[in-house]
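Visitor: Okay, here's the structure, questions in a sec.
The values are calculated or read from the model by the stated rules, or taken from the named source; none is laboratory data. Source: prediction; values computed, not measured. With ideal geometry, Cβ positions are generated from the backbone for all residues, glycine too; neighbour counts draw on all protein chains shown. Surface accessibility is based on the protein's heavy atoms, side chains included, excluding ligands, DNA and RNA. Shrake-Rupley method; radii C 1.70, N 1.55, O 1.52, S 1.80 Å.
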Amino acid sequence: MTIPAGPPPTGGGDGEQQRLRLLAVTACPTGIAHTYMAAEKLAQAAESRGIDMKVETQGSIGAENVLDDNDVKHADGIIVAADKDVDLSRFAGKRVLTVGVAEGIRHPEQLIERVMSAPVHTPGGAPTAPASGGKERSVGYKALMNGVSYMIPFVVVGGLLIAISLSLGGHTDPSGGLVIPKDSFWMDINNIGVIGFTLMVPILSGYIAYAIGDRPALVPGMVGGWIANTGELYDSKAGAGFIGAIVTGFLAGYLVLWIKKVPVPKFARPIMPIIVIPIVATTALGMFFIYVIGKPISWVFENLTDWLSGMTGTSAILLGAILGLMIAFDMGGPVNKTAFLFGAGLIATGNQTVMGMCAAAIPVMPLGQGLATLIRKRLYTEQERETGLASLFMGCFGISEGAIPFAAARPAQVIPANMLGGAVAGAIAGLAGVEDAVPHGGPIVAVLGAVSGVPMFFVAVVIGSAVTALTTVALVDLAERRRRGEAGLALGVGAREAVLVGAGVGATGAGAVTGASGSAGVGDVPKQAGPAESAGAAVPGDRADGADTAKEAESADEAEGDGDSGDVLSGYLTEQTVKVRLGAADKEAAIREMAELLGRTGKVVDPEELVATALRREAQGTTGLGEEIAIPHAKTDAVSAPVVGFARSAEGVEWDSPDGTKARLVFMIAVPEAAAGDEHLRILALLSRKLMNAEFRERLLAAPDESAVLGVLREVG
């Protein structure tokens, strides 16, 4: 279907022809550059065809230019260009076309043609995954990341509060492990932490289900996760832990999707998502887990305990390795608890060596995963690195659950690494005859005097943690390389988004990894700028965002005492940081040359660290955006203030861009760790939106010297 430049009448009593009205929503998993770029491209394509279009952007600082009820009422069609779940319920009764965010960037004209033949969205529809194009990860993966991103705060808060209460209010007791006096202040702190830990598993399950089946799946997901974690409900001493929560999350999500497809009378439809579906799905899932899944789990771990009891006379090294494997497998789950309860039960008989093996393995997972985030920072997002620091702290207090966020996000890489490190720690402790008199683990029990053979205990912990960290780094790096190699063009967009977030341009929201799931916006979307127009021209009916950003830039200048309205990006980019001839022939050399360029300002306090940080971001995924553009980023205290540089390459630098073009226009953004997030988003938004204008890029390439280049860039804002 082809939409003519002059759309047909859409109604009106005065006989006048009205412009076709379209709406759009753009969003990507991390909500940075591509959210804006897709919005800009769609707005440009609509304006060139004489079509009114309003675009809502969803990214890491929230939804901007939100589509209200009046917009939807008068819309002829809606385009959703997103690589994350978008709630379509508000578009019921309208034609809705769902695609990946990359399609919004690459083929906006085709989307405008296709939307008028798109299916009508029915009431009660669930969030829809992209129909085609730009799909970086599967629905299952994104659902898992959604659950992990919501779970992380519960792990961190619960684990740290428990660790603090144990360290400041606890003492060793041979009959009860690390004991905190009842009715004390520290017991109250401990109880609050326990609540956080208790909620961790159902939260993981609930938000996995929510990402698949929307709101009706939230209750069955959370209740199912609670059941999975409560072994008493199905006669098991240990619940199914976070692995059981992942199972119940997916079961709840897909069960709700299936129930939604069941035809029901029209009068019953309004109560389906709030009463019928949650009750039916929660009851069915709960009974299924208790009577079908729970009984086999209980039987397996009862027999596993009996098997371990028969091994006490075997080699201490072998027994230690097996216990270490079990402790590390699910970090507080049924396998872990089976080994732990086995060791704890033997303390009363006078055999403390088995608990010594367990105690050495218990901290290996959180310590190893935290150490991995320090060894190879480039493999982890900023949120994961922060979680890694909390994991290190929890590991010191024997809280193995600190590693669960990493295992849930990358089970194929993290769980084997954990098990290998746990086995090594347990085997060393068994070989050395380490004993533990209390049912607890981690360095805290050695510090408090509950362990005999303290030097070898720490040797076991250190070596096991190092093995876990190094194995994790190797496996994650291998997986990332394989993913990038197999994904090629389709995954390029999502990888670049991860780089932008890691560079500090935005924050990853809960709906996450960390998942995660945040949203960002840059205000309203301007129309396509002509040769004589500025970047701030607005779509009819929307705010003049270009004017808003110009005012922001002016305000920033005044705040700094620099009232020159000709500054580029609030004065972050100056003639001093512009270079018309980039001499580098490869990406690393280009980043080094750009760092030297930024160093002219005196704001770069550590050039080598700036280069290293930028290269770590590149290793997570290319910052080449296509259209001969690259925008490397670094968020580091190697710079004392935000600074932006620009250089132009005549031959182009290979930057692994999704469209295969070499980067001829290279911008580098460097900001200190404490820089305000909104300011970074504004810089990126202004750049990415203006650079989508082909005529602007041509003038930037043709400018003869630094002064002329700066004159062109002054249009950015």
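Visitor: Does segment 357-374 include one or more residues that are among the small types (Gly, Ala, Ser) and in contact with an Asp or Glu (Cβ under 9 Å, 6 or more places away or on another chain)?
Guide: yes
Visitor: Would you call Leu374 out of contact with any helix residue (DSSP H, G or I) (no Cβ under 6 Å at 6 or more places or on another chain), part of a helix (DSSP H, G or I), surrounded by fewer than 24 Cβ atoms within 10 Å (Cβ to Cβ) and modelled with pLDDT of 80 or more?
Guide: Yes: the conditions hold for Leu374.
Visitor: Shifting gears a bit: If only one of Gly402, Gly442, Gly395 is farther than 24 Å from Ala245 by Cα and buried (at least 23 other Cβ atoms within 10 Å of the Cβ), which one is it?
Guide: Residue meeting the stated conditions: Gly442.
Visitor: For segment 405-439, name all the residues that are open to solvent by 20 Å² or more (accessible area, probe 1.4 Å) and acidic (Asp, Glu).
Guide: Glu435
Visitor: Tally up the residues in segment 399-436 that are among the hydrophobic types (A, V, I, L, M, F, W, C) and more than 26 Å from Leu199 (Cβ to Cβ), please.
Guide: The total comes to 13.
Visitor: A follow-up question, please. With respect to the numbered conditions (1) within 20 Å of Met456 (Cα to Cα); (2) surrounded by fewer than 24 Cβ atoms within 10 Å (Cβ to Cβ), which one is the sole condition not fulfilled by Lys337?
Guide: Of the numbered conditions (1) within 20 Å of Met456 (Cα to Cα); (2) surrounded by fewer than 24 Cβ atoms within 10 Å (Cβ to Cβ), the odd one out for Lys337 is (1).
Visitor: In segment 389-402, which residues are of a type in the set (A, V, I, L, M) and at pLDDT below 85?
Guide: The one that is of a type in the set (A, V, I, L, M) and at pLDDT below 85: Ile399.
Visitor: Counting only residues that are assigned to a loop (DSSP other than H, G, I, E, B) and among the charged types (D, E, K, R), which one in segment 628-673 is nearest to the chain's Cα centre (by Cα)?
Guide: Glu673
Visitor: Ala129 fails exactly one of the following numbered conditions: (1) within 18 Å of the chain's Cα centre (by Cα); (2) within 30 Å of Lys266 (Cα to Cα); (3) at pLDDT 75 or above; (4) open to solvent by 10 Å² or more (accessible area, probe 1.4 Å). What is the number of that condition?
Guide: Just one mismatch for Ala129, condition (3).
Visitor: Here is a follow-up. Take the conditions assigned to a helix (DSSP H, G or I) and modelled with pLDDT under 90 and apply them to Arg592. Does it pass?
Guide: So Arg592 fails the test.
Visitor: Collect the residues in segment 378-388 that are assigned to a helix (DSSP H, G or I) and either open to solvent by less than 40 Å² (accessible area, probe 1.4 Å) or at pLDDT 80 or above (or both), keeping them in residue-number order.
Guide: Arg378, Leu379, Glu384, Arg385, Glu386, Thr387, Gly388
Visitor: Looking at segment 460-482, which of the residues that are open to solvent by less than 40 Å² (accessible area, probe 1.4 Å) and charged (D, E, K, R) is nearest to Cys396 (Cα to Cα)?
Guide: So the residue we want is Asp477.
Visitor: Please return the ranges of helices (runs of 4 or more DSSP H) entirely within segment 174-267 where 2 or more residues are over 22 Å from Pro405 (Cα atoms) and out of contact with any Gly (no Cβ under 8 Å at 6 or more places or on another chain).
Guide: It comes to 241-260.
Visitor: Exactly one of these conditions fails for Val219: (1) closer than 29 Å to Gly388 by Cβ; (2) among the β-branched types (Val, Ile, Thr); (3) open to solvent by 30 Å² or more (accessible area, probe 1.4 Å). Give me its number.
Guide: Condition not satisfied by Val219: (1).
Residue by residue, here is whether (1) surrounded by fewer than 20 Cβ atoms within 10 Å (Cβ to Cβ); (2) under 30 Å from Ala284 (Cβ atoms) holds:
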| position | (1), (2) |
| --- | --- |
| Val156 | no, no |
| Gly159 | no, no |
| Ser184 | yes, no |
| Ile195 | yes, yes |
| Ala209 | no, yes |
| Ala228 | no, yes |
| Asp235 | yes, yes |
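Visitor: Moving on. Does Ala360 meet the test of being open to solvent by less than 20 Å² (accessible area, probe 1.4 Å), at pLDDT 90 or above and assigned to a helix (DSSP H, G or I)?
Guide: Taking the combined requirement at face value, the residue satisfies it.
Visitor: Something else: Count, please, the residues in segment 267-315 that happen to be modelled with pLDDT of 75 or more, within 24 Å of Val219 (Cα to Cα) and of a type outside the set (Phe, Trp, Tyr).
Guide: Residues meeting the conditions: 24.
Visitor: Specify which of the listed residues (Gly253, Gly241) is out of contact with any Asp or Glu (no Cβ under 7 Å at 6 or more places or on another chain) and open to solvent by less than 10 Å² (accessible area, probe 1.4 Å).
Guide: So the residue among Gly253, Gly241 that is out of contact with any Asp or Glu (no Cβ under 7 Å at 6 or more places or on another chain) and open to solvent by less than 10 Å² (accessible area, probe 1.4 Å) is Gly253.
Visitor: From the list Leu582, Leu610, pick out the single residue that is among the aliphatic types (A, V, I, L, M) and part of a loop (DSSP other than H, G, I, E, B).
Guide: When all the criteria are applied, what remains is Leu582.
Visitor: Name the pairs whose Cβ atoms lie under 8 Å apart, with the first residue in segment 676-692 and more than 19 Å from Gln58 (Cβ to Cβ) and at pLDDT below 70, the second of a type in the set (Gly, Ala, Ser) and open to solvent by less than 10 Å² (accessible area, probe 1.4 Å), and 6 or more positions between them or separate chains?
Guide: Glu679/Ser570
Visitor: For segment 75-95, indicate whether the set of residues that are under 18 Å from Tyr207 (Cα atoms), open to solvent by 40 Å² or more (accessible area, probe 1.4 Å), at pLDDT below 80 and of a type in the set (Lys, Arg) is non-empty.
Guide: No, the conditions are met nowhere in segment 75-95.
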